[in-house]
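The values are calculated or read from the model by the stated rules, or taken from the named source; none is laboratory data. Note that the structure is a prediction, hence the values are computed from the model and not measured. All Cβ positions, glycine included, derive from the backbone under ideal geometry; neighbour counts span all protein chains shown. Calculation scope for accessible area: heavy atoms of the full protein, side chains included, ligands and nucleic acids excluded. Shrake-Rupley method; radii C 1.70, N 1.55, O 1.52, S 1.80 Å.
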Amino acid sequence: MWPFTRSQAPAIDPAFGDARARVLLDALAKGDWRAARDVFAAAQDPNALAYLMEAAAEVDSIQAWIGDWIAAEPESTLPVLVRGCSAVAWAWRARGAAGAEHTGQEQFREFFRRLKIAENALDEVIERDPADVTARTWLVTSARGRQVDQQEAQDRFDAVVRRCPHHVVAHEQRLQYLCAKWFGSDEQMFGFARAATAAAPKGSLLPVLVAHAHVEKWLALPTVIDEAHMTNPEVRAELLAAAEQSIFHPDFTPSGNWTRRANFFAMSLHLAGEHSAAARVFDLLGDQPSERPWNYLGRGNNPAARFAKARRDAYARRR
């Protein structure tokens, strides 16, 4: 008998179960930039700050009042950084999630307008504080939308890892650029994921890049053969090895937005038919689904319900 008996799917927490992120989101929703500033300022590690910025970027109202914070603290780069990072997500919301062929010209115009606002702010932060890792990370993110060439995209990523070699968000965004659906290829994507995993410290979240890559490949394949990819013995073995190096490793310490990464492990192992390993991930997660990647299991479906169904399946079939 598994420990979760409720039939109702657990709610998706925009704070990812992180108490600091919850305080931050509450402050941002109220436009209380002073309280938000204090939360950001307490995050000294670049990965910790990036996880907070991921949460903050989903708050729609920031662009409406961020100018007040910038005007109140003109010597600080932090409000300019928040404007820039938030505006990248703001731009993607204008574009929508549909493919280019299903995206209107007005959506694209607004997308590029907002991305320009974002990059202007991020460039200002870097000009004033060249050591800022977070601004450079969000330039890695915006590289896809701005359609920068391969060399510039590589340079943006290199500027991050010179300062923070194991930056999780920067690696994830670089992998997205290298996907075949954007500006790369399967060979580039898998090569990057495997090299980063090999170089990652034990207990790091970076091996989740292997799960990201296999999920991206699964998404790109026709329905009739996508299952065969995930259940291939070599793929299953690689996913298991990545999880053992990461969230299953004794040195792993849950922190920040680790749950989104663990959800990628959970779904990839679920799709691979590795039920016992998927159940171990669900044990770690508890009631902490994330929208991605569960929203990949069909448009119009409730990601939390998909999470709950996969968890029930894993617990029923674990060995």
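If you check Asp60, Asp18, Asp38, Asp13 for being charged (D, E, K, R) and over 25 Å from Trp294 (Cα atoms), only one passes: Asp38. Any residue at all in region 216-229 that's open to solvent by less than 10 Å² (accessible area, probe 1.4 Å) and not aromatic (Phe, Trp, Tyr)? No, every residue in region 216-229 fails to be open to solvent by less than 10 Å² (accessible area, probe 1.4 Å) and not aromatic (Phe, Trp, Tyr). Can you find, within region 281-295, the residue that is surrounded by the fewest Cβ atoms within 10 Å (Cβ to Cβ) among those that are in contact (Cβ under 8 Å) with a residue 60 or more places away in the chain and under 14 Å from the mean Cα position of the chain (by Cα)? Here the residue is Glu291. Taken as a whole, region 269-280 holds no residue that is open to solvent by 10 Å² or more (accessible area, probe 1.4 Å), in contact with a His (Cβ under 6 Å, 6 or more places away or on another chain), part of a helix (DSSP H, G or I) and among the charged types (D, E, K, R).
Residues in region 190-210 that are crowded, with 21+ Cβ neighbours inside 10 Å and under 17 Å from Glu234 (Cα atoms): Ala193, Thr197, Pro207, Val208, Leu209, Val210.
Restricting attention to region 244-268 and to residues that are in contact with a Ser or Thr (Cβ under 9 Å, 6 or more places away or on another chain) and assigned to a helix (DSSP H, G or I), the residue that is farthest from Gly17 (Cα to Cα) turns out to be Gln245. Hey, could you check region 71-109 for residues that are modelled with pLDDT under 90 and of a type in the set (D, E, K, R) and say which is surrounded by the fewest Cβ atoms within 10 Å (Cβ to Cβ)? It comes out as Glu101. Of the listed requirements (1) in a helix (DSSP H, G or I); (2) in contact (Cβ under 8 Å) with a residue 12 or more places away in the chain, Ala228 misses just one: (2).
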